[in-house]
Structures are given as C-alpha cells and as structure tokens.
Amino acid sequence: MTTPSVSVYGASGWRLANDRSQIFHSDDDRYLISFEDRWRQRIEVIDLQTGLPLAAQYPGKVRAFAQRDNQLVIINDNQLTLTCLSQLDQGHSVLLDTDTCAVAISPDGSRIAVGLKNKQLLVLDNELNQCHQSELEVPAALLRFSPDGSQLAIYATQDKTQRLWLQDCDTNQLTQLKGSRGAIKALCWAAEADSADTLVAASGKVLYRWPAGVVKAVPLYKSDADMTLLGVHSGRAVIKLANDIVVLDASAGDEVWRWQWDNVVVASMTAGHVAYGENRELCVRDIVTGEQRLSVASPDEWFQFVSLSHDGGSVCCSDWNHALYRWQLADGMASHPLAPFSKAQQLIPLTAAGQWLTLNSNQAFVWQQDQPTALQRYFVPGADVIALDEEAGELWHCGFRLSCVSLASGKRIKKLATGLPGDAACLCVIDTRRLLYISASGRRHYGHLVQLDRDSGEVLSDHKIDFTVIAAELIDGAVLLQSRGGDRYRYDLASHEVTPLSHYSMRYSCGLHPLHDPVVSVSPSHSLILEYGDIDDAPSRQKGGNFMLAVTDANHPEETLLVKEYPLEIDCAALSADQSQVLTCHKTPQGGYCLTLTALTGGAAEQHIELPLQQDHLLLGNAAPKVTKLHSLADQSVVVGFSDGQLLRVVPR
C-alpha cells in the first residue's frame, strides 16, 4: 500500500464509549469515570487534561464501583477487584461466596465495606483481607461511610422489607435507625459545625434526618412528588423534583432557593454548587448565595449526564452522540475542542482556497486544510439540509423550520414560518430574492418544489413531483435535479416545468441487490452514475464477492463502464471531481480502513491507501466507527468523513 499525505480534522478524544454512561469526577478531579451499568456494564476512565481515554482500561464487566483517592473498587457478580485509576489493567481480586450488591470505601481508604446477596456484610482492608463479617436481616443495597470514617450507614432491602442501620467501625456494633416509611434511594452524610455527623435520606416524598445519637428519624421536608436527594453541603440539602431544584436548610428544612424548569433531566451537586438542566440547556448555581455561575447550551445533542468537579471549578456533560463537554465555572470557557461529534451530512466546498463547510447534526463547521480544528462553528438546530450564499454572507438551514444564520456573526438573522410540505430533501439558493425548498416524495405522498421569498417566507410557487431528489444544482436559470433512482431532470424556474433529461434503469442486471444504496454522482450536471451495495443472491448467478459496484454513463445507459466485486463490505463510495476515478472505502481484515482509487479509463493501476485510525476511534469495547462520507475536492484530494465526526483529507500520490 502507498503512504499518502493524510491530514486529520476534528476532535482528538472527548468521546465516551457509550452514550448511556453515567459520569463521575475522581476525587482529585484529574480523571472522569464513565460507567454504563445497563447493557454493556463497562467502566472507562478519561484523562481530563487531554480528553483521551487512558491507554490501560479495566477489561471486564462492572456491576458497581467505589472510588477514593486513586483507589478503585470494582465488583462483578462475586468478584471484587481493587485497582488504581492510573493502572486499571492491574490490581488484585478476590472471589466472594456469592454475588455482591453494594460497595463503599472509607474516607482514608483503609477499609472496604461489601454487601452480599446472602445477607452478609464484609469489611476488608486495602489488601482485601477480611477484617469483620456481619449478618443482616436482608441484603444491603446502599453503603455510606461517614466523613470521619467512624460510622457506616447501611440500607438493606428485599421485597417489601427495608432496614437502616449504623455500624460503629471500631466496635462493629449495629444500631437500627427507624422512622422512614418507604424505600430509600439516596443516603448522604452532613458534617455539622460541632463535628457530629448527621445522616440524611430521601424516601418517596419525604426527606429525613438522623442527628448524631438519635435513632428516630426527624422529618426534614415533604414535597408533593417523589424526590431525588443530590447531596448535603455547606448546611444545605439539595433535592431534585420533576420540574424544580430545591435548596433547603439542612437543619430546619426551610426552603432557601427554588429554581423551576420545565423538566429537570440532569442534575449533579458537589462542593457548594448544583448543576441542573433539561435537553440542551445547563445551569450551575451556588447553593449558598443562589448566584448563577454558568449557563450554557449543548453544542449538539441533548445532555445525558452531568458531573461537577469536587473543587467546584468545572462541570462535565455527556450527550447522546457519545460526546463529552467540559466548561470552567470561573470564565465559562470550554475545555473541549471546537469540533463535531456526529457524522457529516453535507459537505460544501467554499470559494476560499482549501476551505469547506460541513453539516454535522445541529452544527455547521468551516474547515481549513492546514488546520486540524474548525475555524468557525454555526448552530443550526434540527437542520436536515443547508444551503450557502457566500456573496450575501448567509447560511440557510432547514429542519423543524427554515432559518438563516449570518456567516460573519454566527447569529440567526431570519426565521421563516413552519408548515412547509414534507421532510426537507434539498435546499438551493436561487438568487437574492428566492430559495428553492425540495421535499422528499414517498409511496403515499408527492415531493414538492417550493420557491420561497427569502425575506418573508411567502410561497411563490409549489410544484408536485413523484421522485425523491438527492442533489440539486443551479445552472442558467434552471435547477438540475438528480433523483434517488438515477433519473435526471431540469426544473425551469420561470415556467415551473420539470423536463426529464435522462431515463436510467438501476443496474439490477449487473447483479446488484434491488435494495442497494441510492445512486451517486458528482453533481446533477455530471453524467456518470455510481451504484454500489449487496450482491443479489439469485441462484442463477455465479456468486463472487460480498459487495458490488457499477458505473454507468446516464447519457448512454445501455453500457456499463465498470463492474467490480469486492470481498469486503463497501462502507462508502463516490466519484472523483473530474469523473476519472472511483473512490471506495472499506474495512480491512485488520480492522482498519482502506481507500481505493480505481481509474475508469487508461488502465492505470489501482491505488490502495491505508487510513490511520486515531486512538479515540478505537472506543472501549466498540468497533471502529464507519466511514459515512467520501467527497472529492477540486484539487483531487479526498475528504473521508467518519460517523463520529472526524475527517481525514487524503492527497493521493
């Protein structure tokens, strides 16, 4: 394989292995621990200085964990492993009598409490030697050491039986606490001014407290709905309701602050701050003064989880695209890079040399070929398609509604009415006054060619079509349309007539499966059409590779210029800008990717270019992301887009 010039664009790191991972800061705030406990049951540790996962990760499944300083205790069924954050692949393990259901580490790291399903409570030292064993009525579900490590709170439940105990860590004596009527979902210790520890728990709609030496619970606060206890700090108890964050006096139970949102989805509390938000908005406040320390919006998808650093200096959030974001509370500056975390849906070359623009989910990015990070980012919420007017300095986008963003300021300058027919398939700038909106057709509905006024959004014309447009190109007072099936059309902007330019039958006769990918061309004005996909498994045909590719001239559809079979699945294929080569990208047996350039004429040898994968491409337990886009630029370099948002620019030799 040749060694081409390959440039990498986009974020290095700042991705999680799973989008459903809860996130937690390590005690020293150096690392972020990502934990997915539902399906994959994996743990991942991210270095917050670089945003990259540590080279050594814990290889096994994880049911629960506890962390203190650099120590990490991991439980999986009946195996308990003690390791350190900086060397997750090393450590020592012990096998217990039965499955483990709860674990906690004392503040000084000298003791580990473990609750087993057989109702045993074990206390181990930091060499995993057993120090004490207790018999409980029901299995432990929550374990919490007091801040000074002198007491262990134990909440145990099975069926409808619930018990709450305090264990003296010196004498190992158990004292049952009473007063809570429902299931307890969270336990927190509050250090009072006189150093006497108070236990606080949320049970259904009631918040209880047990001051030191008191066995009977003292009701602290009652709400109208079930609550979640976020934590107790600086004399404040913070709870999350469905639509509210409530800050209480931890001694008297009086409301100090209440912040209302339509729907509180994520929340975290530590070091005198609380972070909360819904969908794409996040707010951080001081729980003592009520001051707002930070208000940010998600650059891309909805927030999934949030974690505040223990020193109160920063906040991290994760979203549905596996992305990880970090902001400093002091100045609101982002630590994560200016880059997308989702695939490029569109790529538009710009007039400036070596620049192009991509649409990635809810954002558009401007790239420069000699810079690894984006030059500019524009927020285009819900955009399915974009259209660019560089002369007017406007970026139009359409999804939930049709809107326009200024290229200079990045601010939205126009928002037109909703109610356009169908889902957006293409958007085209006609002139300084008009836009062409093209909707997709389907089995039970027509597509539409809608001319709109760029200022008012007024519909100037609406023409129905019975084909789905995948590309549109403005040429000499008309718009050339490329259909999904391969046919090309000319739409006259004055008369609104749609005239077929070429009739094209998809290459079923070559052996392609009828449900293969849509046709691909450089643009509607280019005549060559590329099709690729699964090979039809018809018995009458001799089987070859697993995938097939065919190139045809739409002006002469009776001839097929190229038919080629591949032993591996084609992730993506395209034609070069000058229509002289076919570009294909597929996985190699080693798990990487190979870009192949095949000449259509002249008999030149194929070029096979191995694409380097970045460290964060190989996510923990996940296969490498797919190649979702190939785009040939005018200088014959190729932009390769991955499903995680990273781009490679390949200059063949």
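The values are calculated or read from the model by the stated rules, or taken from the named source; none is laboratory data. These numbers come from a predicted model, not from an experiment. Note: ideal-geometry Cβ built from the backbone for every residue, glycine included; neighbour counts use all protein chains shown. Accessible surface areas use protein heavy atoms only, side chains included; no ligands, DNA or RNA. Shrake-Rupley method; radii C 1.70, N 1.55, O 1.52, S 1.80 Å.
Yes/no per residue for (1) under 22 Å from Val94 (Cα atoms); (2) in contact (Cβ under 8 Å) with a residue 60 or more places away in the chain:
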site	(1), (2)
Arg111	yes, no
Val114	yes, no
Leu128	yes, no
Leu142	yes, no
Ala153	no, no
Ala156	no, no
Gln167	no, no
Gln173	no, no
Ala190	no, yes
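Taking residues in the stretch 593-618 that are within 29 Å of His322 (Cβ to Cβ) and modelled with pLDDT under 90, and partners anywhere that are open to solvent by less than 10 Å² (accessible area, probe 1.4 Å) and assigned to a loop (DSSP other than H, G, I, E, B), the pairs with Cβ atoms closer than 7 Å and at least 6 places apart or on different chains are Gln614/Gln646; Asp616/Gly13. Of the numbered criteria (1) open to solvent by 40 Å² or more (accessible area, probe 1.4 Å); (2) touching an Asp or Glu at 6+ places or on another chain (Cβ under 9 Å); (3) not hydrophobic (A, V, I, L, M, F, W, C), the one Lys240 fails is (2). When the test is whether a residue is open to solvent by 10 Å² or more (accessible area, probe 1.4 Å), assigned to a strand (DSSP E or B), on the phi < 0 side of the Ramachandran plot and at pLDDT 90 or above, Leu199 does not pass it. If you go through the stretch 310-360 and keep only what is buried (at least 19 other Cβ atoms within 10 Å of the Cβ), more than 27 Å from Ser26 (Cα to Cα) and touching a strand residue (DSSP E or B) at 6+ places or on another chain (Cβ under 8 Å), you end up with Ser342, Lys343, Ala344, Gln346, Trp356, Leu357, Thr358, Leu359. Does Val62 qualify as being of a type in the set (A, V, I, L, M, F, W, C) and over 27 Å from Leu611 (Cβ atoms)? Answer is yes for this residue.
Is it true that some residue in the stretch 391-399 is modelled with pLDDT under 90 and touching a Lys or Arg at 6+ places or on another chain (Cβ under 8 Å)? No: zero hits. Considering only residues in the stretch 202-224 that are surrounded by 13 or more Cβ atoms within 10 Å (Cβ to Cβ) and over 43 Å from the mean Cα position of the chain (by Cα), the one that is modelled with the lowest pLDDT turns out to be Ala212. State whether the residues of the stretch 31-52 include one that is farther than 22 Å from Val306 by Cα and within 26 Å of the chain's Cα centre (by Cα). No, every residue in the stretch 31-52 fails to be farther than 22 Å from Val306 by Cα and within 26 Å of the chain's Cα centre (by Cα). Only a single item in (1) in contact (Cβ under 8 Å) with a residue 24 or more places away in the chain; (2) closer than 27 Å to Ile470 by Cβ is not met by Leu308, and it is number (2). Note on the stretch 79-88: residues that are surrounded by fewer than 15 Cβ atoms within 10 Å (Cβ to Cβ) and either in contact with a Leu (Cβ under 7 Å, 6 or more places away or on another chain) or at pLDDT 90 or above (or both) total 1.
Name the residue that is most open to solvent (accessible area, probe 1.4 Å), counting only residues in the stretch 246-267 that are touching a Cys at 6+ places or on another chain (Cβ under 9 Å) and part of a strand (DSSP E or B). Explain how you work it out, then say what you get.
The first filter runs over the stretch 246-267 and keeps only residues touching a Cys at 6+ places or on another chain (Cβ under 9 Å), leaving 259, 261, 266.
This time we only want the ones that are part of a strand (DSSP E or B), so: 259, 266.
Values: Trp259: 26, Val266: 7 Å².
The qualifying residue most open to solvent (accessible area, probe 1.4 Å) is Trp259.
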